[in-house]
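Derivation of every value follows stated rules applied to the coordinates shown; laboratory data play no part. Quick caveat, the model's predicted, so the values are computed rather than measured. We place every Cβ from the backbone using ideal geometry, glycine too, and count neighbours over all the protein chains shown.
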Amino acid sequence: MADPLYRRVLLKISGEALMGTQDYGLDPAMVDRIAGEIKSVHALGGQVALVIGGGNIFRGLSGTATGMERATADYMGMLATVINSLAMQAALERLQVPTRVLSALPISAVCEPYIRRRAVRHMEKNRVVIFAAGTGNPFFTTDTAAALRASEMGCEVLLKATKVDGVYSADPMKVPDARRYERLNYMEVLSRDLKVMDAAAISLARENRIPILVFSIFEPGAFAEVVSGRGRFTMICDA
């Protein structure tokens, strides 16, 4: 495997990716497989941070649909991301990858509170850092949290792991002839409403000039390939 093209990266994984073939919760085999993908990049010498969604356990918007107050539902979703983050930490440490979970909501019994300088120091010491509990505020998605943390950590790139190998004009699972894009700029993503990440995340990445690479986490070895500048992915940037 070639040396990494990007030395400090943030990987955004949806909670649904951790379900594997299940309908709910965590699939241990899938968690272990993704941990293996992360280890392969860590072994190349790359500094890796993660943001994991919580949709496999609880999604704030689904809570509001049942009449729950939005802020309360979003806080519940943040706690779901902490569960996923702890599961990923356990899987990584079984692979001998040093890992720290930093939560935007203080939960000192199980993880560290998020402090930017502490997080940067962990990455400098080649520990994988998992950012849990989103931004710590309701009404913001974990996509926005990923763009925010990537900006704060000075990451060279934000990688969005999905079920498909890039950005398409429509869901290729439902529209077989959907067009695949090799490269887009931020405004094209917003104006075409391509649903890569929410508008706040795209705008934040654009403002801080952080490229977004969209790739399939279900393709074995894809994470290391993309970090090395190879493989199939869609790049979103202005340059």
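Label-to-label distance, ILE115 versus LEU5, with points set 7 angstrom from Cα along the beta-carbon direction: 3.7 nm. Rounded to the nearest 20 debye, the dipole magnitude of the chain is 560 debye, with +1 charges on Lys and Arg beta carbons, -1 on Asp and Glu beta carbons, and the Cα centre as origin. For the stretch 137-239, the spread of Cα coordinates along the three principal axes comes to 36, 29, 29 Å, biggest extent given first. State log₁₀ I(q)/I(0) for the stretch 5-75 at q = 0.21, 0.22 Å⁻¹ as given by the Debye formula over alpha-carbon point scatterers of equal weight, solvent excluded. Debye intensities relative to I(0), on a log10 scale: -0.90, -0.93.
Here the extension length gained between LEU61 and ALA43 equals 2.7 nm, from 0.36 nm per residue of separation less the Cα-Cα distance.
Extension gain, LYS125 to SER191: 0.36 nm times the residue separation minus the Cα-Cα distance gives 19.7 nm. Exposure proxy shown here: for VAL129, VAL164, VAL31, the number of other Cβ atoms within 10 Å sets the order, fewest to most, as VAL164, VAL31, VAL129. Taking the Kirkwood radius as the inverse of the mean 1/r across Cα pairs, report the Rg/Rh of the stretch 82-173. Radius of gyration relative to Kirkwood radius: 1.00. As a rough guide to protection, the peptides 188-200, 47-59 ranked by mean Cβ packing within 10 Å, highest first, stand as 47-59, 188-200.
Taking other Cβ atoms within 10 Å as a rough exposure proxy, TYR75, TYR114 sort from fewest to most as TYR75, TYR114. The gain in end-to-end length when the ARG232 to MET68 segment is fully stretched comes to 55.0 nm, 0.36 nm per residue minus the alpha carbon separation.
Taking other C-beta atoms within 10 angstrom as a stand-in for reagent exposure, LEU61, LEU95, LEU102, LEU18 fall in the order LEU61, LEU95, LEU102, LEU18, fewest first. With the convex hull drawn around the C-alpha atoms of the stretch 120-173, the volume per residue stands at 128 Å³. Rounded to the nearest 20 debye, the dipole size of the stretch 12-148 about its Cα centre is 580 debye, using +1 on the Cβ of Lys and Arg and -1 on the Cβ of Asp and Glu. Pairwise Cα distances in the chain exceed 29 Å in 22 percent of cases.
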